[in-house]
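The values are calculated or read from the model by the stated rules, or taken from the named source; none is laboratory data. All figures in this text were calculated on a predicted structure; none of them were measured in a lab. No Cβ is skipped: glycine too gets one built from the backbone with ideal geometry, and neighbour counts run over all protein chains shown.
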Amino acid sequence: MKEVSPMDMTKTRQFYIDGAWVDASSDAGIAFADPATEQQTGSIAAGTAADVDRAVIAARRAFDSFSQTTVAERRALLGRIQAQLEARAEDLAQAMTREMGAAISFSRSTQVPFGIAHIRAAIEVLGDYDFLVRQGTTAILREPIGVCGLITPWNWPLYQITAKVGPAIAAGCTVVLKPSELSPLSAILFAQVMHDAGTPAGVFNMVTGTGPEVGAAIASHPGVDMVSITGSVRAGVQVAQAAAVTVKRVVQELGGKSPNILLPDADFTRVVPLGIASGMRNVGQSCSAPTRMIVPTERLEEVEALAREHAATLVVGDPKDPETTMGPVANRAQYDRVQQMIRVGIEEGARLICGGPGRPEGITQGFYARPTVFSGVQSAMRIAQEEIFGPVLCILPYESEEEAVAIANDTVFGLGGHVQSADLERARRVARQIRSGQVHINHPAWDAHAAFGGYKQSGNGREYGVFGMEECLETKAILGFFPG
């Protein structure tokens, strides 16, 4: 088996196109830094529209044959990809710790396994999916849409790549991937995985670069049949506008400000620590993080004490240290945003329960933020409305169940939601009223097959499992296909 170490920088100035590593069309590069030290550690090739065109041409050429492969052939390919990812799990974990500062324990336990799970889910979906359904004398066929342009973010670098690439391959589509320029190392390793898994030339292509250059070229390219982006609302809007000219399908998984409603009968000693942990998982850099904890007014002091107690157990430090539970924020721009919003919360009059601006005590360099909890937050405050994308959580009080639901829905976003209650029927009733694409009741296990996507400004379309694959399929009806 070919091995590629995350420390091997030979591929960072190349693209993966048509089954081979190729040189970029220009010498321009994009520097990236280690967020734990703030020091530049390398640079990647800055792709252009010409590089995207090369990748799309390769993908279009490969589509003719790959779209005709059997389910068994695609399952076998996905199985080889899964095996390669499992064999390189430690390399991938080390790469993500280096490129985005994820604590190595989190990279090993979550970032890598959840990324592999999307490939496994694609294999499972293919196990019983019917691409042709009889409807009287009519056949309803589901056929691969074509070339898929995939734009992924820096916060869950492998996880978001596999969530898009796995379903596209399962559907019989070919791919042009633009990973985030801020977390490129795991993407380079993934491209080598695709190569070593025996992916046919042109089926998977990767061009690194910026959103305004490479992302825009993918979105507007007439040879791309659908584009899927995970990113900010601003980036999602720009992609949709660029894609509109060629009338291609657009799938957007964008921002979030997810609520976590604690009903009065919940076990607060259990769900408050779990809520803090969920909101601050991945240093709070998750679009679906439940960063608004909505609690009964009469239990506010209890919740504050429990929140403060759990936040104190978080170990912020060197992400390479196995004892660390929270590394740095992933990059300078995001660190500055987190610090700004913490100051905004203080200026708005929210009560600081723990944390605050600046680095944790004893840390003098790196993009480290203090785990911060605000209480007495009102829904109109910016910290309750804007996605902060850092270890900052808001506690909002409510007087009635109706008010709790109203607060939960008082946002332009609708990606995730949580409900905690000892009464499952009551929790179900509240969950049905939350306007979001996914709701968790009592902190269930993660499900790689559960539809994921947003209402409102959180996006359009769905990912994961069969829902992600169907975004990569067209529906064709052939009347008279079957005899009468």
Output the residue which, of all residues in the stretch 100-122 that are of a type outside the set (Ser, Thr, Tyr) and either assigned by TED's automatic domain parsing to the domain that holds VAL329 or surrounded by fewer than 24 Cβ atoms within 10 Å (Cβ to Cβ) (or both), is nearest to PRO322 (Cα to Cα).
ILE104
Could you list all residues from the stretch 258-292 that are in contact with a strand residue (DSSP E or B) (Cβ under 8 Å, 6 or more places away or on another chain), over 17 Å from PHE389 (Cβ atoms) and aliphatic (A, V, I, L, M)?
ILE261, LEU262, LEU263, ALA266, VAL271, VAL272
If the Cβ limit is 6 Å and pairs must be 6+ apart or interchain, which residue in the stretch 374-391 that is assigned by TED's automatic domain parsing to the domain that holds ILE342 pairs with which residue that is in a loop (DSSP other than H, G, I, E, B) and acidic (Asp, Glu)?
SER379/ASP410
In the stretch 92-144, how many residues are small (Gly, Ala, Ser), farther than 30 Å from LEU479 by Cβ and touching a Leu at 6+ places or on another chain (Cβ under 8 Å)?
4
Can you name every residue in the stretch 329-357 that is of a type in the set (A, V, I, L, M, F, W, C) and over 20 Å from GLY101 (Cα atoms)?
MET341, ILE342, VAL344, ILE346, ALA350, LEU352, ILE353, CYS354
Considering only the stretch 32-132, give the helices (runs of 4 or more DSSP H) lying wholly within it that have at least 2 residues that are within 22 Å of ALA197 (Cβ to Cβ) and β-branched (Val, Ile, Thr).
71-87, 112-128
How do the pairs read when you match residues in the stretch 451-464 that are touching a residue at least 24 places away in the same chain (Cβ under 8 Å) and at positive phi with residues anywhere that are among the β-branched types (Val, Ile, Thr) and surrounded by fewer than 23 Cβ atoms within 10 Å (Cβ to Cβ), using Cβ under 9 Å and keeping only pairs 6 or more apart or on different chains?
LYS456/VAL412; GLY459/VAL233; GLY461/VAL250
Take the conditions closer than 30 Å to THR246 by Cα, in contact (Cβ under 8 Å) with a residue 12 or more places away in the chain, part of a helix (DSSP H, G or I) and among the small types (Gly, Ala, Ser) and apply them to GLY166. Does it pass?
yes
Of these, ASP27, ASP64, ASP53, ASP34, which one is surrounded by fewer than 18 Cβ atoms within 10 Å (Cβ to Cβ), farther than 19 Å from GLY146 by Cα and either of a type in the set (Asp, Glu) or outside the structural domain of VAL176 (by TED's automatic domain parsing) (or both)?
ASP27
Has the stretch 296-307 got any residue that is touching a Leu at 6+ places or on another chain (Cβ under 8 Å) and of a type in the set (A, V, I, L, M, F, W, C)?
yes
Inspect the stretch 254-276 for any residue being within 13 Å of the chain's Cα centre (by Cα), part of a loop (DSSP other than H, G, I, E, B), under 20 Å from ALA427 (Cβ atoms) and small (Gly, Ala, Ser) and give the result as yes or no.
no
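Check every one of the strands (runs of 3 or more DSSP E) wholly within the stretch 329-442 and list those with 3 or more residues that are on the phi < 0 side of the Ramachandran plot and crowded, with 23+ Cβ neighbours inside 10 Å.
Fully inside the stretch 329-442 and qualifying: 372-375, 392-398, 418-420.
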Against the condition within 30 Å of GLU253 (Cα to Cα), in contact with a helix residue (DSSP H, G or I) (Cβ under 7 Å, 6 or more places away or on another chain) and assigned to a helix (DSSP H, G or I), how does VAL303 come out, does it pass?
no
Looking at VAL224, VAL214, which is the one that is within 18 Å of GLY47 (Cα to Cα), among the hydrophobic types (A, V, I, L, M, F, W, C), in the same structural domain as ALA59 (by TED's automatic domain parsing) and in a loop (DSSP other than H, G, I, E, B)?
VAL224
Is it the case that the stretch 96-109 has a residue that's without any contact (Cβ under 8 Å) to a residue 12 or more places away in the chain and within 30 Å of THR364 (Cα to Cα)?
yes
